[in-house]
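All remarks here apply to the structure that follows.
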Amino acid sequence: MWGKKMAARWQVPAALTSRTDITIAGALKKQQTCYKIFSPKQYVTRGMIEVGDDDFEIVAYGDVAKTLAECRSGTFLTIQGVLTGKRWTTGDGKLHGLAQIRADQITVGPRLEAQQ
């Protein structure tokens, strides 16, 4: 959930409703298989990047999706893209939020060793 604590920590604009350019670096936590959508040349891959104590969902398209799909968990990534978010309130009054980074460019760094 996109909460005040995360917004304060990462200085996310309070008016986040459509798009914000972002560069973020962290370890790839998990990713899904790259799959084709719409046409044989269009690919999409989703993943999760861990930055400190927070996780961010990543979605990549095209050649960037192929790059993300080739990475393994623990790989250090620097991602440039667009942070998108939505906020809504359910009928019971609970506030919900979703934040996602659409990766426009991914720079792959060395694999991080597992902490023991």
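For the stretch 43-61, enumerate the residues that are more than 18 Å from Gly109 (Cβ to Cβ) and part of a loop (DSSP other than H, G, I, E, B).
Asp53
Tell me yes or no: at least one residue of the stretch 22-31 is at pLDDT below 70 and on the phi < 0 side of the Ramachandran plot. So that I can check it myself, show each step before the final result.
Narrowing the stretch 22-31 to residues at pLDDT below 70: 31.
From what's left, on the phi < 0 side of the Ramachandran plot: 31.
Checked against the condition, which is being at pLDDT below 70 and on the phi < 0 side of the Ramachandran plot, the stretch 22-31 yields at least one hit.
Could you check the stretch 81-99 and list, in sequence order, the residues that are basic (Lys, Arg) and farther than 24 Å from Ile49 by Cα?
Within the stretch 81-99, Lys94 is the sole residue that qualifies.
For Thr67, work out the one condition from (1) in contact (Cβ under 8 Å) with a residue 12 or more places away in the chain; (2) surrounded by fewer than 16 Cβ atoms within 10 Å (Cβ to Cβ); (3) more than 11 Å from the chain's Cα centre (by Cα) it doesn't fulfil.
Among (1) in contact (Cβ under 8 Å) with a residue 12 or more places away in the chain; (2) surrounded by fewer than 16 Cβ atoms within 10 Å (Cβ to Cβ); (3) more than 11 Å from the chain's Cα centre (by Cα), the lone unmet condition for Thr67 is (2).
If I filter the stretch 62-84 for residues that are in a strand (DSSP E or B), within 23 Å of Asp21 (Cβ to Cβ) and modelled with pLDDT under 85, do I get at least one hit?
Yes: the stretch 62-84 contains one or more residues that are in a strand (DSSP E or B), within 23 Å of Asp21 (Cβ to Cβ) and modelled with pLDDT under 85.
The values are calculated or read from the model by the stated rules, or taken from the named source; none is laboratory data. What you see is a predicted model, and the numbers here were worked out from it, not measured in a lab. Virtual Cβ from ideal backbone geometry, glycine too; neighbours counted across all protein chains shown.
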